[in-house]
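Undergrad: Here it is: the structure, laid out below.
The values are calculated or read from the model by the stated rules, or taken from the named source; none is laboratory data. All values derive from a computational prediction rather than experimental measurement. In this analysis, Cβ positions are derived from the backbone assuming ideal geometry, glycine residues included, and neighbour counts consider all displayed protein chains. Ligands, DNA and RNA are excluded from the accessible area calculation, which covers all protein heavy atoms including side chains. Shrake-Rupley method; radii C 1.70, N 1.55, O 1.52, S 1.80 Å.
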Amino acid sequence: MSKIDFSQIISAKTARREELVQARAAAGAALVQRLEAACDIRAGHVTLAERLAWSRKEIAARQVLAGDTSAEAMLAAEAEPAGETVMVLAAKIIQNAEQHDLWMASMTGLRRKTLAAITKATTPAAIGLALAEAEAGISVLMLSWSGAP
């Protein structure tokens with residue numbers, strides 16, 4: 001006759017709580033994955049290395065447009081092969097940077113709102129609803145994007 005170890009029994013309440021913890025973790029991971037995918041689409045066919053240089057290019061563009069020629073060489077390295085002037089490229093970089101920053105701020109706000117809803121959710125269904133609302137928000141942001149990263 002086998003013995004039952006009653007210390008190993010999990011109550012239904014504990015099981016539901018654990019299910020909710022796991023659902024929250026999975027939802028948070030799914031949200032980040034979806035946001036990453038949207039950012040990749042937004043960036044277009046651009047390497048990660050180039051994306052990491054965007055903030056330096058923005059600084060250089062602002063310097064050049066302010067009359068500081070010390071950053072001109074970096075922009076010239078991109079502008080000349082593309083047949084652009086440094087000033088035209090600098091203006092494009094600033095415009096794209098401002099659009100990108102606004103778009104990213106909107107995505108960050110959506111992420112924070114969704115994670116707060118996931119944390120407050122008391123059922124897996126409520127977590128699913130939070131993710132569905134985030135997906136709708138991502139869709140709106142993607143549609144509102146002008147196409148230039």
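Undergrad: Could you say whether any residue in region 37-50 is over 17 Å from the mean Cα position of the chain (by Cα), of a type in the set (D, E, K, R), surrounded by 17 or more Cβ atoms within 10 Å (Cβ to Cβ) and more than 30 Å from residue 17 (Cβ to Cβ)?
TA: no
Undergrad: Only one of 131, 110, 75 is assigned to a helix (DSSP H, G or I), open to solvent by 40 Å² or more (accessible area, probe 1.4 Å) and either closer than 16 Å to residue 35 by Cβ or of a type outside the set (Gly, Ala, Ser) (or both); which?
TA: 131
Undergrad: Another question, if that's okay. Go through region 51-73 and report how many residues are at pLDDT below 95, over 19 Å from the mean Cα position of the chain (by Cα) and of a type in the set (A, V, I, L, M).
TA: 1
Undergrad: What pairs come up if the first residue lies in region 11-36 and is closer than 20 Å to residue 108 by Cβ, the second is open to solvent by 60 Å² or more (accessible area, probe 1.4 Å) and part of a helix (DSSP H, G or I), and their beta carbons are under 8 Å apart, counting only those six or more places apart or on different chains?
TA: Partner pairs satisfying both residue conditions: 24/119; 31/111; 32/111; 34/135; 35/111.
Undergrad: Taking residue 125 and the conditions (1) open to solvent by 50 Å² or more (accessible area, probe 1.4 Å); (2) assigned to a helix (DSSP H, G or I); (3) modelled with pLDDT under 95, which numbered condition does it fall short on, given that it satisfies the others?
TA: That leaves (3) as the condition not met.
Undergrad: Whether any residue in region 44-67 is among the β-branched types (Val, Ile, Thr) and farther than 30 Å from residue 135 by Cα is what I want to check.
TA: yes
Undergrad: Okay, next question. Could you list, in sequence order, the residues of region 84-98 that are over 17 Å from residue 59 (Cβ atoms) and either part of a helix (DSSP H, G or I) or open to solvent by less than 50 Å² (accessible area, probe 1.4 Å) (or both)?
TA: Answer for region 84-98, where residues must be over 17 Å from residue 59 (Cβ atoms) and either part of a helix (DSSP H, G or I) or open to solvent by less than 50 Å² (accessible area, probe 1.4 Å) (or both): 84, 88.
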